[in-house]
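Data block below; observations after.
FYI, it's all coordinate maths here, none of it is from the lab. These numbers were taken from a predicted model, which means no experiment stands behind them. Cβ sites come from the backbone with ideal geometry, for glycine too, and all protein chains shown count toward neighbours.
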Amino acid sequence: NVVHGKLYAHGSMGVVPSKIYLCGIVECTDDLLGVDCKKCIDVARSELLGHTYKVKGGHAIYGSCH
């Protein structure tokens with residue numbers, strides 16, 4: 001992950017065993033502390049990876065992170 005400031009990052013990861021390569025950009029609003037930003041992003045990532053249908057892209061938008 002490449003972090004550009006406290007509440008913004010981008011990076012990529014392989015998802016095993018599905019052999020999917022995931023690239024993403026994440027950002028939190030400044031009402032969250034760093035640890036809460038990570039929790040929000042973890043929920044968004046789990047939501048996106050939890051879908052079993054095949055898509056080539058997706059968005060997870062919550063009140064304080066996307």
Using each residue's phi in the stretch 9-16, evaluate 6.51 cos²θ - 1.76 cosθ + 1.60 at θ = phi - 60° and report the 3J(HN,Hα) Karplus result to the nearest Hz, with x for Gly and Pro. 7, 9, x, 8, 7, x, 10, 9
With θ taken as phi - 60° and the coefficients 6.51, -1.76 and 1.60, list the Karplus ³J(HN,Hα) couplings across the stretch 25-37 in order, rounded to whole Hz; mark glycine and proline as x. 10, 10, 8, 10, 6, 7, 7, 9, 7, x, 5, 6, 4
Kindly rank 19-30, 38-49 from highest to lowest mean number of other beta carbons found within 10 Å of each residue. 38-49, 19-30
